[in-house]
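This report refers to the structure that appears directly beneath it.
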Amino acid sequence: MEYTPGFIEAKWKQKWKEADIYKVEIDRSKPKYYILDMFPYPSGAGLHVGHPLGYIATDIFSRFKRHQGYNVLHPMGFDAFGLPAEQYAIQTGVMPQISTEQNIKRYREQLDNLSFSYDWSRSVTTSDPAYYRWTQWIFIRLYEHYFNTKENKAKPVSELIEVFEKSGSEQAAAFSTIEDHFTAQQWKAFSPKQKDDVLMHYRLAYKGQAFVNWCEELGTVLANDEVKDGLSERGGYPVVQRPMEQWFLRITAYADRLLNDLKTLEWTDALKSMQENWIGKSEGAQVFFKIKDSEESIEIFTTRPDTIFGASFIVLAPEHDLVEKLVTPEQQHTVKNYLDYAKTRSERERISETKQVTGAFTGAYAVHPFTGESIPVWISDYVLKDYGAGAIMAVPAGDLRDHAFAEKFSLPIIEIIDRSAHPKATIEDKLGTMINSGFLNGLEVKDAIKMAIGEIATKGIGKAKVNFRLRDANFSRQRYWGEPFPVCYDEDGICHPLSDTDLPLMLPELEDFRPGAGSQSPLARVPAWQSTREGYRRETDTMPGFAGSSWYFLRYMDACNPDELVSHEAIDYWQNVDLYVGGTEHAVGHLMYARFWHKFLFDLGIVNTQEPFRKLINQGMIQGRSNFVFRAKENFFEEYLKINVLDKYFADSGVYRLTEDEYDEEFCADWAFKSNDLVIEVVSWKLEDKIERIKGAVLKAGKRLLIITNEELTMSINHPLVIAEKIRTAIDGSENFIFDKSEEIDSQLYVSYNLTGNYSADCFSKIHVDVNIVHNDYLDIDAAVATRQFENAYFLIDDNKQFSCSWEVEKMSKSKYNVVNPDDMVAAYGADCFRMYEMFLGPIDQAKPWDTKGIDGVAKFLRRLWSLFFDENGKIQLSDTEPTREELKILHQCIKKVSEEVERFSFNTCVSAFMICVNDLRRIECRNLSVLKDLLKLVSPFAPHIAEELWEQSGEAFSVTLQPYPVFDEKYLKEDHIEYPVCINGKKRALLLLPADMDKADAEKQAVSLPEITKWLDGTPVKKVIVVSGKMINIVI
RNA sequence: GCCGAAGUGGCGGAAUUGGUAGACGCGCUGGAUUCAAAAUCCAGUUCUCGCAAGGGAGUGUGGGUUCGAUUCCCACCUUCGGUACCA
């Protein structure tokens, strides 16, 4: 029987489906294991071979864990809200509901093609109202809670209101961004709107102000992605930063918990440190600087209060509230100009710019709290409004950017730290002794920091403060295709959440997806949807992409529950995700938000774990391997004629290149002969003017002219003899002017890459070519001419009649013509082969290029595995005798390697181990049933179809998928001899077979007396011999 | 700029705790089989000098630690991911 993947795979897909073999339920008799893939966004382009990498890995691991007796939850769903569908709707008018549904259908087909063991009955889609109902529900809970700093957890806002009513703001242990100071009486006197505003300072979901990318011409807010160099990507219109009312989530309240609990996670150190740095906890001091001749003071945050005596000016963020109040009439104009400039700068640009500083003087002065001196107040875009207090005390001697700023604007630089004891220390190291610093003089930096904070507090001008780089999450989008906010506003603008019974608040259907008036979302165009029965108006912003993806892993546990987002029973059993696999691009965004939501739900008692993802693996990207063809440019043809015709066939005719000296004209023909009066010009037949002028010049000089057109060279490109004969005829003939007009075609000439080296580099344009018509870096010319790109193409082929292409590794994308579709791979090689090859490419966590040509190796392996079971006539032939020692050794080597490597997620080396095992078993012509059956169990997670088929062919009952995993036994691998490498100074010089239990002294003696070694030593005394038992012997001379 | 990762043959990669660098596979070269091709099988394949025996060099670059470094330390270069509204 032959191995026919197409037939076998269809058969087993059907059987698995009929048996519903991947359906999973709570089963308390088995330990649970929850394996999750990162939520895919179903884009219109469909899956390419890079997408399933992580899915294959988790599928192998899921199957492996099932073999080991775990009850495995392995679900898949779709993160379906997002910008691309909305963009598509704007362009084509196709409703996102429709395009998303189509895209999901296509993704599902492509995923099914690879036979993943998902329990599809648990699938969720974020844009499904049955799902986003619960996203809205969580939002309302966030809105209704604040963060209690004493209990370090979320508590109901209703309790906070009670505190306010009883004892005002001072008694409230509530996390807020603004420090409120009011008494119970004052609170009670507040208007409902005032109360609403105050509570927004505490709610975990609140309204605030943020700067957004505003594009006036497009009438919309743009994603950072849509802005390039200060202009909109679509249209190239100017984009400015503009403040806007937005919903926020108070993730900063959870900063400490998010930071501390990282320790409990089995994530890579790299990922943890990225999260740590993102949270960016820094301890320092808040200090107030009084403004000279004013009641105002500026709050600054500094991590280096020790350097306060070096503060020679203050810098405010351009957006700082005080700027307007502080600016003096004389500086109005300068500051206004600077603010206009700052508006055009994106935050990224502002942070990245380190070489050039810009800024403007406000005209105001602050009073240094210790020296009493007046120091100027400047504004500059290197200070960010959202970081710290949005203002800094600038210490030029202690900070590089402050230093650059001081130099540029000639501000004083006061040395405050003597680093002479630390010659290698940079100005940002916390090392040295304080100088020029009043009461801090002589202290070490570390002590000076403490002392300075103490003094600042005593003087009542500030206090120690912890600052986080982490910012509250902007949760508003002025978009259509997202979850509607379940809130509305009354006539006073007071916010009212919907009651739970009114959920889900459905997204209305729309026909026009352009932005609404005045920077509003398209929902603002639907007045009927906007107004509620109470006469309130709804929020028209929608939620961002991370809303739905911040909790989806919980819904999989109980996907169809209509009454709760997840039942207690399901949470109690499944708890949290044991293994999460996805790309590093989610390292800080999604993973931070999901952890935040999970912690909030923990505070509410909905989940029973502090962290959502226990272990996490980052998969590397699969890059594209682009192919390029080389198109001949104008100057190619002249070089071609010389190399392939003139040098070859007319070398003895004295052919030479004409120089300008030979004619008076500013142009000349290309080639002439010493032995006769013919001149040759290579030119496109279309350049008739040029031909006429050359004709005139050449005939005037009394020579004859042969025009060879680029077009005729192109059409006879692989037949240089045709041209040679034409030249010969011309030489021998007597015509004065020979010019054969080509027929009018627009042809292009492409040159095989391996020939391009013969010509100047500027003879060619390098152009992407679809990798699907290139095999082994050789262009399939027949396939190529059938495409639009090569409709009228001619190809200069190499000596082997091949046309080669160059290649480069790039991102896999449509525009680079390097996209490979997994469906095509499955059609050609089968899903088993594709799955295995994708794993074989390299380590799961590293980026690597896809190259289809290597897949043959895996295909060959599968055929060899198959052939182990059959004789040369294709009949199943297996023996049920006792396995030999050698067979067991080969098998157990494989069991050991594969079970260890799967646990380490090193799937590429597993595939190698399988190949070695099958090669070895073939070599000894193993036909042993028990050995081969164990091998099938090992292979089954990687290549389930072939394993299932061979299992059945071996006479076993359905299904290999449900078999327990083979157990490794050390005794089969024991060796009584070890082959030692014998090295001299670390370089291998000989091999020595020694008994495994030989002691070191004897081994040393044997090694030193080896003939290869004595030859090397040649009398040189041996200084030392190092014997590492079981590993190697090193002789030091 | 900042944070994180990765650089090993022609290519993808292996070397698990500092111990034989290049497993396994692709490609290439030669051979067998075949009318021929595909498929299959066998042998070779880091570079370099050499007919060979054998020698030298070699894991991005430069330095260091060590009997011994792809692995540890320092500095640098290049590429990739993220950088808060792509998902």
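Compute the FRET efficiency between A:Lys971 and A:Met998 as 1/(1 + (r/R0)^6), taking r as their Cβ-Cβ distance and R0 = 22 Å, and round to the nearest 0.05.
It comes out at approximately 0.55.
If I take R0 = 41 Å and measure r between the Cβ atoms of A:Ile916 and A:Asn985 in this structure, what FRET efficiency does the formula 1/(1 + (r/R0)^6) give, to the nearest 0.05?
Numbers: r = 33 Å, r/R0 = 0.79.
That pair, A:Ile916 with A:Asn985, gives E of 0.80.
Near A:Leu265, within a Cβ-to-Cβ distance under 15 Å, what is the net charge of the other residues, with Lys and Arg +1 and Asp and Glu -1? It works out to a net charge of +1.
Quick one: dipole size for region A:837-972, taken about the Cα centre, charges +1 on Lys/Arg Cβ and -1 on Asp/Glu Cβ, in debye to the nearest 20.
Details: 17 positive and 22 negative charges, 67 e Å.
Value, rounded to 20: 320 debye.
For region A:281-468, what is the convex hull volume of the alpha-carbon atoms per residue, in Å³? Working shown, then result.
Details: hull volume 21.9 nm³, N = 188.
Value for region A:281-468: 116 Å³ per residue.
Take the eigenvalues of the Cα gyration tensor for region A:737-823, scale each by 5, and report the square roots as semi-axes in whole Å, largest first.
Numbers: eigenvalues 142, 53, 33 Å².
Semi-axes (√(5λ), whole Å): 27, 16, 13.
Note that region A:837-972 shows a convex hull volume over its alpha carbon atoms of 109 Å³ per residue. Considered as an equivalent ellipsoid built on the Cα gyration tensor, region A:485-556 has semi-axes of 22, 18, 11 Å, the largest given first. The residue among A:Asn908, A:Ala943, A:Pro964 whose Cα reaches farthest toward the positive pole of the charge dipole of region A:892-1037, with charges on the beta-carbon of Lys, Arg, Asp and Glu, is A:Asn908.
For region A:475-617, the alpha carbon positions stretch 46, 33, 27 Å along the principal axes, listed from largest to smallest. Distance from the Cα centroid of region A:191-263 to that of region A:279-307 is 25 Å (rounded to whole angstrom). Per-residue packing, averaged as other Cβ atoms within 10 Å, sorts the ranges A:229-239, A:133-143 into the order A:133-143, A:229-239, beginning with the highest.
When A:Thr426, A:Thr125, A:Thr532 are sorted by how many other C-beta atoms sit within 10 angstrom of their C-beta, beginning with the fewest, the order is A:Thr426, A:Thr532, A:Thr125.
Measuring spread by the Cα atoms of region A:784-904 yields a radius of gyration and Dmax of 21.1, 67 Å. At full extension, A:Ser374 and A:Glu791 could sit 142.5 nm farther apart than now, given 0.36 nm per residue minus the alpha carbon distance. The length gained on full extension between A:Ala827 and A:Glu900, counted as 0.36 nm times the residue separation minus their Cα-Cα distance, comes to 23.1 nm. Taking every alpha-carbon pair under 8 Å whose residues sit at least 6 apart, chain A reaches a relative contact order of 12 percent.
Note on A:Trp137 and A:Lys1005: their simple-model spin labels are 8.0 nm apart, each label 7 Å out from Cα toward Cβ. Please work out the Cα center distance from region A:542-568 to region A:784-846, rounded to the nearest Å. The distance from the Cα centre of region A:542-568 to that of region A:784-846 comes to 39 Å.
Nearest 500 deg cm²/dmol is fine: what mean residue ellipticity at 222 nm does chain A get from its DSSP H runs of n ≥ 4 alone, each adding -39,500 (n - 2.57), divided by its residue count?
Numbers: 34 runs with 342 residues, N = 1037.
Estimated from H runs of four or more residues: -9500 deg cm²/dmol.
Can you give the charge dipole size of chain A about its Cα centre, rounded to the nearest 20 debye, using +1 on the beta carbon of Lys and Arg and -1 on the beta carbon of Asp and Glu? Don't skip to the end; give the middle numbers.
Working: 120 positive and 156 negative charges, 500 e Å.
Dipole magnitude for chain A comes out near 2400 debye.
What is the fewest-to-most order of A:Lys263, A:Lys155, A:Lys292 by other Cβ atoms lying within 10 Å of their Cβ? Kindly include the intermediate steps, with their values, before the conclusion.
On the way: A:Lys263 7, A:Lys155 19, A:Lys292 14.
By the 10 Å Cβ count, ascending, the order reads A:Lys263, A:Lys292, A:Lys155.
The residue among A:Ser312, A:Ser273, A:Leu646 whose Cα reaches farthest toward the positive pole of the charge dipole of chain A, with charges on the beta-carbon of Lys, Arg, Asp and Glu, is A:Ser273.
Taking R0 as 25 Å, what FRET efficiency do you get between A:Gln332 and A:Arg234 from their Cβ-Cβ distance, rounded to the nearest 0.05? Write down the numbers at each step before the final one.
On the way: r = 36 Å, r/R0 = 1.44.
About 0.10, to the nearest 0.05.
Rule-of-thumb check for region A:627-761: C-alpha Rg over 2.2 N^0.38 Å?
Numbers: Rg = 14.7 Å, N = 135, 2.2 N^0.38 = 14.2 Å.
The reported ratio for this selection is 1.04.
Within chain A, antiparallel bridges make up roughly 70 percent of the DSSP beta bridges whose residues both belong there. Farthest toward the positive end of the dipole of region A:281-468, out of A:Gly390, A:Leu339, A:Ile427, is the Cα of A:Ile427, where the dipole comes from beta carbon charges about the Cα centre.
Work out the P(r) tail for region A:757-798: percent of alpha carbon pairs separated by more than 11 Å, whole number.
On the way: 618 of 861 pairs.
Above the 11 Å cut-off, region A:757-798 has 72 percent of its Cα pairs.
The ranking of A:Met557, A:Met244 from fewest to most other beta carbons within 10 Å of each one's beta carbon is A:Met244, A:Met557.
Multiplying the residue separation of A:Ser273 and A:Asp112 by 0.36 nm and subtracting their alpha-carbon distance yields 54.3 nm. Note that chain A, at 37 °C in a medium of 0.692 mPa s, gets a Stokes-Einstein diffusion coefficient of 92 µm²/s from its Kirkwood radius over C-alpha pairs. Listed by chain and number, the lysines placed with their C-alpha closer than 16 angstrom to that of A:Lys615 are A:Lys32, A:Lys65, A:Lys263, A:Lys272; residues fewer than eight positions away on the same chain are left out. For the cross-link pairs A:Lys228/A:Lys408; A:Lys642/A:Lys741; A:Lys150/A:Lys465; A:Lys889/A:Lys937, the ones whose C-alpha atoms lie over 19 Å apart are A:Lys228/A:Lys408; A:Lys642/A:Lys741. The distance linking region A:445-521 with region A:322-351 is 24 Å (Cα centroid to Cα centroid, whole angstrom).
Taking the Cα atoms of region A:977-1036, the ratio Rg/Rh between the radius of gyration and the Kirkwood radius comes to 0.92.
The equivalent ellipsoid that matches the C-alpha gyration tensor of region A:326-389 spans semi-axes of 23, 16, 10 angstrom, in descending order.
Looking only at Cα atoms, what is the convex hull volume of region A:914-1037 per residue, in Å³?
Working: hull volume 17.4 nm³, N = 124.
So the per-residue Cα hull volume is 140 Å³.
Every number here is computed from the coordinates shown, using simple stated rules; none is lab data. Only a predicted model underlies this, so the values are computations on that prediction, with no experimental measurement involved. Every residue, glycine as well, gets a Cβ built from its backbone with ideal geometry; the counts of neighbours run over all protein chains shown.
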